[in-house]
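Working notes, beginning with the structure itself.
The values are calculated or read from the model by the stated rules, or taken from the named source; none is laboratory data. Bear in mind the structure is a predicted one, so any value in this text is a computation, not a measurement. Neighbour counts run over all protein chains shown; Cβ positions are idealised from the backbone, glycine included. Heavy atoms of the whole protein, side chains included, go into the accessibility calculation; ligands, DNA and RNA do not. Shrake-Rupley method; radii C 1.70, N 1.55, O 1.52, S 1.80 Å.
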Amino acid sequence: MPSLFASYLRVYEPLTAFDRDRQIFWRRYAREGRALGPVEGPVRQRTAVLEALGAGWTRLPDLPDEAYVMEWADTLLVCPWNLRLRVAEAALNARDGVPSVLADAFVPPVLAGQAKAIVEDWRSGAKVLEHGVPRVHEQIATWGVPLRWFVFVDLDEREINLADGKRTLRYRTEISKARRRAHRAVSVLRKSLGDAPITEAVEEGTRWLEEFHPRSIVELDYGGLTGLLDAEALSEDDSPGLVAAGLSALSRGDADAATEAYEKLVARWRAVQLLERCN
């Protein structure tokens with residue numbers, strides 16, 4: 001199965017962020033070499049969900065606990081996939097805006113009820129932080145990278161591999177740095193643009209980052225989008241730099257420079273998004 005044309009924003013947490021049972025499980029999981037890397041992982045996720053659903057599903061599937069695993073400064077960190085929650089959310093989303101006859105045929109009411117229970121349990125049960133916010137460790141965007149994600153990383157944090165079959169482009173940074181950048185961006189955007197959609201989007205991302213352990217690592221991964229961009233485009237990509245330049249221009253009141261950076265960034269990613277219509 002081919003990779004999705006999707007990008008990913010992930011948070012890897014140290015084992016101390018989990019309860020004792022989860023720590024034991026993830027430590028054994030990593031020791032046994034069961035984890036896949038971010039290149040193979042999205043295909044495994046998609047395959048697992050499709051196989052679990054099958055053609056005539058009568059219940060929400062029980063999916064195994066899987067995660068991406070990383071070592072950073074001699075510390076083991078994990079990014080759980082939360083597949084069961086994703087299936088439940090997808091089942092509910094599939095019914096939105098669809099005539100009831102079609103919705104019931106694809107996701108019967110009994111399954112919708114199960115999905116709703118899973119989502120509500122996640123948000124209010126044991127798998128949440130003490131203040132009641134769920135830790136969903138991975139966000140996914142298809143046919144592009146949300147511009148707000150570039151706020152969290154710096155151009156100097158880029159890791160790139162252009163080898164055939166292993167092409168990757170990603171940014172990794174300590175969550176403390178990502179949070180500082182996010183808060184600074186919110187301050188600039190709110191002062192300059194007020195309650196604009198981009199301000200609210202960055203604020204939402206900032207709140208999401210606050211859910212995780214302070215020693216976590218944030219990863220922005222271009223994922224399957226690397227198959228849509230040639231080696232030159234990947235090597236010259238400076239999207240985080242454009243975002244930083246735009247925010248810097250806004251902070252000093254240079255609207256023309258901010259607009260120039262923003263328009264260049266939007267034009268670059270609109271070209272990728274338009275490829276969806278050709279697919």
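Scanning the stretch 49-97 for residues that are among the β-branched types (Val, Ile, Thr) and modelled with pLDDT under 90 yields Val49, Thr58, Val87. Every test in (1) out of contact with any strand residue (DSSP E or B) (no Cβ under 7 Å at 6 or more places or on another chain); (2) part of a helix (DSSP H, G or I); (3) open to solvent by less than 50 Å² (accessible area, probe 1.4 Å) is passed by Trp149 save one, and that test is (1).
Entry remark, the stretch 177-206: residues being open to solvent by less than 40 Å² (accessible area, probe 1.4 Å) and free of Cβ contacts under 8 Å to residues at least 12 places away in the same chain number 2 in total. If you go through the stretch 194-227 and keep only what is among the acidic types (Asp, Glu) and either closer than 21 Å to Arg172 by Cβ or within 14 Å of the chain's Cα centre (by Cα) (or both), you end up with Glu204, Glu210, Glu211, Glu219, Asp221.
Scanning the stretch 261-278 for residues that are touching a residue at least 12 places away in the same chain (Cβ under 8 Å) and open to solvent by 40 Å² or more (accessible area, probe 1.4 Å) returns Tyr262, Lys264, Arg268, Gln273, Leu275, Glu276. On inspection, Asp230 does not qualify as closer than 21 Å to Tyr171 by Cα, modelled with pLDDT under 95, of a type in the set (D, E, K, R) and surrounded by 18 or more Cβ atoms within 10 Å (Cβ to Cβ). Checked against the criterion of being without any contact (Cβ under 8 Å) to a residue 60 or more places away in the chain and either part of a helix (DSSP H, G or I) or not hydroxyl-bearing (Ser, Thr, Tyr) (or both), the stretch 137-145 contains not a single residue that satisfies it.
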